[in-house]
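Below is one structure, written out as structure tokens, with a few remarks after it.
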Amino acid sequence: MNVFKRLLRIGTAEIHSIVDKMEDPIRMTEQGIREMREDLDKSVESLARVKAMAIRAKNEKNRKTDEARDYENKAVLLLTKARKGELEMAQAEKLAREALSLKEGLLGEVEKLSGQQIVHENAADEIRKNVDILKFNINKWENELKTLRARIKVSRATREVNKQIAQIDSNSTISMLERMKEKVEDEEALAQAYGDLAKSGKSVDDEINRAIGSDVEKVNHDLDEIKKKLGIDTHGNRMLPG
């Protein structure tokens, strides 16, 4: 309870600071609340006992006050009887004097009981204040406990995320990306090389035909005409004059 009482005496900001440094703030807070509830039970029991003492003192005071009044009435009655001749005056005065003496003794006890009643009632008021404070603090720390539980959930979730992020090696990630980039560039270069090889593998005729395109027949016709003018047949032999 000493740790928790120390927490109760400091400010809210400092409370959060100290709680953050605890190994298990939830457990500490729950323990503190349990201890305060035990104190509350004891205080309520003490309050009931003290109130009972005050009530008993008050009842006893009232009873003795009634007895004192009764002895006073008896003294009056004794003297009345003596005046009426129903009782000898000397005897009446003697008994009346004893009755009044008992009355004074009772009034003395009444005064003491009245003082005891005041003391017990004052003590009950102080205990009641402590009970109210304990109830307030229990309610306060139960709300704090709810807040702590929520903070713990958030902090643990944040810790897991940060832990996962911390476990990622940024350098290795960059290296992996660089290797992937190099691999892509190698694949692109290889594709270009195959394309160049495909182009270089075509024949000269293919190149010529590709260059001439749809004019091949016309070129062949023109070539045959030139051969006739030169006297060369289509097989390349010189023709004899007719």
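The values are calculated or read from the model by the stated rules, or taken from the named source; none is laboratory data. On a predicted model such as this, the values are computed, not experimentally measured, just so you know. So basically every Cβ, Gly included, is an ideal-geometry build from the backbone, and we count neighbours across all protein chains shown.
Has region 125-141 got any residue that is assigned by TED's automatic domain parsing to the domain that holds ALA57, of a type outside the set (Phe, Trp, Tyr), touching a helix residue (DSSP H, G or I) at 6+ places or on another chain (Cβ under 8 Å) and modelled with pLDDT under 85? Step through it out loud before you land on a result.
Initial filter on region 125-141 (assigned by TED's automatic domain parsing to the domain that holds ALA57): 125-141.
Cutting the leftovers down to of a type outside the set (Phe, Trp, Tyr) gives us 125-135, 137-140.
Then keep just the ones that are touching a helix residue (DSSP H, G or I) at 6+ places or on another chain (Cβ under 8 Å); that gives 127-128, 130-131, 134-135, 137-138.
Then drop every residue that is not modelled with pLDDT under 85, which leaves none.
The answer is no; no qualifying residue exists.
From GLU126, GLU160, GLU121, GLU109, which residue is free of Cβ contacts under 8 Å to residues at least 12 places away in the same chain and closer than 30 Å to GLU60 by Cα?
On the way: GLU160 fails: closer than 30 Å to GLU60 by Cα; GLU121 fails: free of Cβ contacts under 8 Å to residues at least 12 places away in the same chain; GLU109 fails: free of Cβ contacts under 8 Å to residues at least 12 places away in the same chain.
After applying the criteria, what remains is GLU126.
Taking into account only those residues within region 63-88 that are assigned to a helix (DSSP H, G or I) and of a type in the set (Lys, Arg), which is nearest to GLU111 (Cα to Cα)?
Just the residues of region 63-88 that are assigned to a helix (DSSP H, G or I), to begin with: 63-83.
Subset that is of a type in the set (Lys, Arg): 63-64, 69, 74, 81, 83.
Numbers: ARG63: 12, LYS64: 10, ARG69: 14, LYS74: 21, LYS81: 31, ARG83: 33 Å.
Applying the filter and picking the extreme gives LYS64.
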